[in-house]
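Mind looking over this structure? Questions follow.
Just so it is clear, none of the values below were taken in a lab; they were calculated from the coordinates. Since we're looking at a predicted model, the values are computed, not measured. Every residue, glycine among them, receives a Cβ derived from its backbone with ideal geometry; neighbour counts consider all protein chains shown.
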């Protein structure tokens, strides 16, 4: 009886040790203290570009290098880009108005987890220009993200919001192809990741489908 208990104890310890060993194999250790090479484009508080030697000297003197900014470039400026309403207004004025409508160009793709899809479109009155149109459940979150990035100086073109806009197609086949690609209307498939797999009209994505004039109304883009 004692031997059986001992064997069970040894087996239990073995299983526990094996489980711990397996768990440790999947653990990614992140060191709490790291020493990495600093960025090469940092500038001082006086705007002067700092060399690696300058940065090492400051680091050795216990200076906080995280307070230094990189030199300004196309993608980042040390200013609040969201506050420049003139530039945003000029950009939005160049974009097509909802009344003018858009012409479908190409299908880009779907992010099913966010409930969003993207297409390339052209203004009805200026077919030489291409814009990216995003529509779905996370449009307002995307607008907030762009505004936040611009707020901290990261360059982002200010997106223009459309509550609804008319989308024109070349043919009925092209229009139906877009709907199938974006929403899998031929039959929702929960395993499909390349489409939203919802009924676009009952969920409010699309409305006013016109099969004679090959147009449809897109909402929330």
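Taking the beta-carbon count within 10 Å as an exposure proxy, list 140, 219, 92 from fewest neighbours to most.
Ascending number of Cβ neighbours within 10 Å: 140, 92, 219.
Could you tell me whether segment 112-220 comes out rounded, prolate or oblate from its Cα gyration tensor? Rule is a ≥ b ≥ c as square roots of the eigenvalues, rounded for a/c under 1.5, then prolate if a/b exceeds b/c, otherwise oblate.
Oblate is the answer for segment 112-220, as a/c is 1.5 or above yet b/c matches or exceeds a/b.
Additional query: If we sort 112-124, 143-155 on the protection proxy, mean other Cβ atoms within 10 Å, highest first, what's the order?
The densest-packed peptide leads the list: 112-124, 143-155.
Still on this structure: Taking the Cβ of each residue in 157, 99 as the centre, tally the other Cβ atoms inside 10 Å and list the residues starting with the fewest.
Lowest count first: 99, 157.
To continue, here is another question. Report, in whole Å, the centroid distance computed from the Cα atoms of segment 138-183 and segment 93-128.
7 Å
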